[in-house]
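Worksheet: the structure to be examined is printed underneath.
The values are calculated or read from the model by the stated rules, or taken from the named source; none is laboratory data. These numbers come from a predicted model, not from an experiment. Here the Cβ positions follow ideal geometry from the backbone for every residue, glycine too, while neighbour counts run over all protein chains shown. Keep in mind that these areas ignore ligands, DNA and RNA; they rest on the heavy atoms of the full protein, side chains included. Shrake-Rupley method; radii C 1.70, N 1.55, O 1.52, S 1.80 Å.
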Amino acid sequence: MTVLSRVMLLGPPGAGKGTQAKKIVAETGFVHLSTGDILREEVARRTELGRTAREFMDRGELVPDRLIIDMIRGRIEAARDGFLLDGFPRTVAQAEALEKITLLDVVINIELPREEVIHRLTARRVCRKCGVIYNVLSNPPSANGTCTACGGEVYQRDDDRREVIENRYDVYKASTAPLIDFYRDRGLLREVDGAQPSDVIFSVILSILSG
Ligand code: AP5
């Protein structure tokens, strides 16, 4: 039984935000709002936003704040029974814009050191059809490289190349990590060690959400 229903997952690339988000929404029914997933859909559909966003994403840079806020605002306003923000906000300007849309109940910061981020993301694979997240070292797809859940094609994200991962981590440190103090100052921050097994992290998160 969860009490807190306006939730944000914070943390470096590869910390396990997407992995935990899938478990949390299955348990709670919250709307999963991943700006990375929404942007990748825009890229796949070759929309104007997708074409613009791709230039930033392929380099591991952040998409401009104005585009992100316009993209997410309506989705947050529509999620009246609870939402899980994954990858948003990512700058102080985005966090300030969010405060004008709604207030959060809790921010869960999943910490992971740089070397582990690189180790995990170079081994990540994702199902193109259903979005299940794999890892060729710790949680591989089927032997013929397809998704064990739906049989879909499993692929490597364009931004999971080592040099792009390193830049994403540097961008996180410079632009997103300041949100740790931003939310700590508001009394909303809860910290979780992302190096633990996925099921352990999930239990810790559920206990945080139960208030
Ligand atoms: P986005 O898609 O949000 O990427 P990210 O934040 O870099 O996060 P990741 O998806 O890489 O990692 P994750 O924490 O979800 O880890 P996962 O669960 O997959 O953003 C991509 C790009 O979009 C950005 O670079 C930017 O350009 C743009 N963008 C998005 N939002 C934006 C915004 N708000 N503003 C501006 N630009 C924006 O796990 C990683 C791997 O580890 C997997 O292989 C998994 O199997 C494994 N794993 C997970 N948990 C564990 C565990 N406990 N133990 C061992 N292995 C684990």
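Among all lysine pairs in the chain that are eight or more places apart or on different chains, how many have alpha carbons less than 20 angstrom apart? List each step's numbers first, then the result.
Values: Lys17/Lys129; Lys17/Lys173; Lys22/Lys129; Lys23/Lys129.
Taking the chain as the scope, the lysine pair count is 4.
Would you mind calculating the gained length between Glu61 and Cys150 on full extension (0.36 nm times residue separation, minus the Cα-Cα distance), in nm to one decimal?
28.9 nm
Tabulate in residue order the Karplus-calculated ³J(HN,Hα) for the range 101-118, using 6.51 cos²θ - 1.76 cosθ + 1.60 with θ = phi - 60°, rounded to whole Hz; enter x for Gly and Pro.
8, 7, 9, 8, 8, 7, 10, 9, 9, 9, 8, 8, x, 3, 4, 6, 4, 5
Report the convex hull volume per residue for the chain, counting only C-alpha atoms, in Å³. List each step's numbers first, then the result.
Working: hull volume 24.9 nm³, N = 211.
Output value, Cα hull per residue: 118 Å³.
For every helix of n ≥ 4 consecutive DSSP H residues, a contribution of -39,500 (n - 2.57) applies; sum these over the chain, divide by its total residues, and give [θ] at 222 nm rounded to the nearest 500 deg cm²/dmol.
About -13500 deg cm²/dmol.
I'd like the accessible area for Arg51, computed on protein heavy atoms only with a 1.4 Å probe and all protein chains in place. Round to 10 Å², please.
Approximately 140 Å² of Arg51 is accessible to the 1.4 Å probe.
When the Karplus curve 6.51 cos²θ - 1.76 cosθ + 1.60 is applied with θ = phi - 60°, which whole-Hz ³J(HN,Hα) does each residue of the range 19-31 get, with x for Gly and Pro?
3J(HN,Hα) across the range 19-31, in whole Hz: 4, 6, 4, 5, 5, 5, 5, 5, 7, 9, x, 4, 7.
How much area per residue is accessible in the range 1-112 when the probe is 1.4 Å and only protein heavy atoms are counted (Å²)? Don't skip to the end; give the middle numbers.
Values: 5190 Å² over 112 residues.
Dividing the accessible area of the range 1-112 by its residue count gives 46 Å².
Computing the accessible area with a 1.4 Å probe over protein heavy atoms, can you report the carbon and sulfur percentage for the range 58-211? Please list the in-between numbers first.
Values: 3730 of 7800 Å².
Within the range 58-211, the accessible surface is 48 percent carbon and sulfur.
At 1.4 Å probe size, with no ligands or nucleic acids counted, give the accessible surface of Lys23 in Å², nearest ten.
Taking all protein chains as shown, Lys23 has close to 60 Å².
Enumerate the amide H contacts of Tyr134 below 5 Å, restricted to partners 5 or more residues apart or on another chain; note that Pro and chain-start residues carry no placed amide H.
Placed amide hydrogens put Arg125, Val126, Cys127 under 5 Å from Tyr134.
Counting Lys and Arg as +1 and Asp and Glu as -1, each charge on the Cβ, what is the dipole of the range 1-111 about the Cα centre in debye, to the nearest 20?
Working: 16 positive and 17 negative charges, 47 e Å.
Dipole of the range 1-111, to the nearest 20 debye: 220 debye.
Sort the range 28-127 into rounded, prolate or oblate with this rule: let a ≥ b ≥ c be the square roots of the eigenvalues of the Cα gyration tensor; rounded if a/c is under 1.5, and if a/c is not under 1.5, prolate when a/b is larger than b/c, oblate otherwise.
Working: a/c = 1.56, a/b = 1.17, b/c = 1.34.
Judged from the Cα gyration tensor, the range 28-127 comes out oblate (a/c at least 1.5, b/c at or above a/b).
Top mean-square fluctuation among Gly50, Gly60, Gly14, Gaussian network model of the chain, C-alpha springs under 10 Å?
Fluctuation is largest for Gly50.
For a quick check, take a GNM of the chain with Cα springs below 10 Å and name the residue from Leu33, Leu188, Leu85 with the largest mean-square fluctuation.
Leu188
For the range 75-87, in order, what is each residue's ³J(HN,Hα) by Karplus, 6.51 cos²θ - 1.76 cosθ + 1.60 with θ = phi - 60°, in whole Hz (x at glycine and Pro)?
With the stated coefficients, the range 75-87 comes to 5, 5, 4, 7, 8, 6, 9, x, 9, 10, 7, 10, x Hz.
For the range 85-195, report the translational diffusion coefficient in µm²/s to the nearest whole number, using Stokes-Einstein at 4 °C, 1.567 mPa s, and a Kirkwood Rh over Cα pairs. Present the calculation step by step, with values, prior to reporting the outcome.
Details: Rh = 15.9 Å.
It diffuses with D of about 81 µm²/s by this estimate.
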